[in-house]
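Quick notes on the structure that follows.
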Amino acid sequence: MPVDQEAFKQALRGWASGVTVVTSRSGNTVHGMTVSAFSSVSADPPLVLVCANRSSTTHRVIEQGGVFAVNILAAHQREISNLFASPNNEDTRLDHVTWTEGVTGVPILDEALVALECTVTKAHREGSHTIYVGRVEAVHTSDREPLLYYKGCYRSLLCEE
Ligand SMILES: Cc1cc2nc3c(=O)[nH]c(=O)nc-3n(C[C@H](O)[C@H](O)[C@H](O)COP(=O)(O)O)c2cc1C
């Protein structure tokens with residue numbers, strides 16, 4: 001018997017993750033949303049995946065444009081995470097942050113911890129979401145600290161020696 005949705009969500013709150021903003025471009029349209037469902041898939045070839053709700057605008061832009069960037073947020077970017085998760089300012093989110101265009105044309109957020117530019121290689125529909133698998137075409141790195149998310153709260157790394 002399948003578990004009920006609340007029990008499922010409650011269990012998944014125990015999964016600590018980083019936080020990303022997945023951005024995309026289709027023609028002149030640029031868009032992005034907060035995503036925690038991100039994973040590395042393979043190093044050779046370099047592949048990653050993100051899971052996007054099919055009701056999201058970001059899903060549509062990735063579907064049409066075939067490119068996306070995973071901007072892994074740094075510890076000081078929790079407001080950016082909230083901004084890109086909010087339905088209120090959907091069309092103007094990218095006007096409130098500074099970003100540059102990557103080699104694939106997708107927005108790369110200034111001061112992200114890491115950004116991975118990808119072209120979509122596969123799109124798997126599963127439940128309410130699509131799993132987009134992307135080949136990494138370019139990487140942007142820094143030595144900043146990560147923003148973490150656990151049990152509905154943002155966290156920072158504690159360094160234990
Ligand atoms: C911490 C956090 C993680 C999230 N992770 C995901 C995710 O992995 N996939 C997803 O589709 N939505 C995720 N969301 C929800 C979207 O960010 C949110 O629904 C957003 O408003 C969708 O924007 P759009 O419709 O403009 O693309 C997450 C939200 C938060 C706060």
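The values are calculated or read from the model by the stated rules, or taken from the named source; none is laboratory data. All values derive from a computational prediction rather than experimental measurement. Note that we place each Cβ from the backbone using ideal geometry, even for glycine, and neighbour counts take in every protein chain shown. With ligands, DNA and RNA removed, areas are computed over all heavy atoms of the protein, side chains included. Shrake-Rupley method; radii C 1.70, N 1.55, O 1.52, S 1.80 Å.
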- Note on the structure: Among (1) free of Cβ contacts under 8 Å to residues at least 12 places away in the same chain; (2) surrounded by 10 or more Cβ atoms within 10 Å (Cβ to Cβ), Gly32 falls short only on (1)
- Message: Can you tell me how many residues within the range 71-83 are more than 10 Å from the ligand (Cβ to nearest atom), crowded, with 20+ Cβ neighbours inside 10 Å and in a loop (DSSP other than H, G, I, E, B)?
- Response: 1
- How many residues are open to solvent by less than 30 Å² (accessible area, probe 1.4 Å), in a loop (DSSP other than H, G, I, E, B) and in contact with a His (Cβ under 9 Å, 6 or more places away or on another chain) if we restrict to the range 84-118? 2
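If I filter the range 84-97 for residues that are in contact with a Lys or Arg (Cβ under 9 Å, 6 or more places away or on another chain) and within 13 Å of the ligand (Cβ to nearest atom), do I get at least one hit?
yes
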- Task: Would you be able to say whether some residue in the range 36-57 is open to solvent by 80 Å² or more (accessible area, probe 1.4 Å), of a type in the set (Gly, Ala, Ser) and within 13 Å of the ligand (Cβ to nearest atom)?
- Result: yes
- Scan of the range 1-22 for residues that are within 30 Å of Glu111 (Cβ to Cβ) and surrounded by 10 or more Cβ atoms within 10 Å (Cβ to Cβ), ordered by number: Leu12, Arg13, Trp15, Ala16, Ser17, Gly18, Val19, Thr20, Val21, Val22
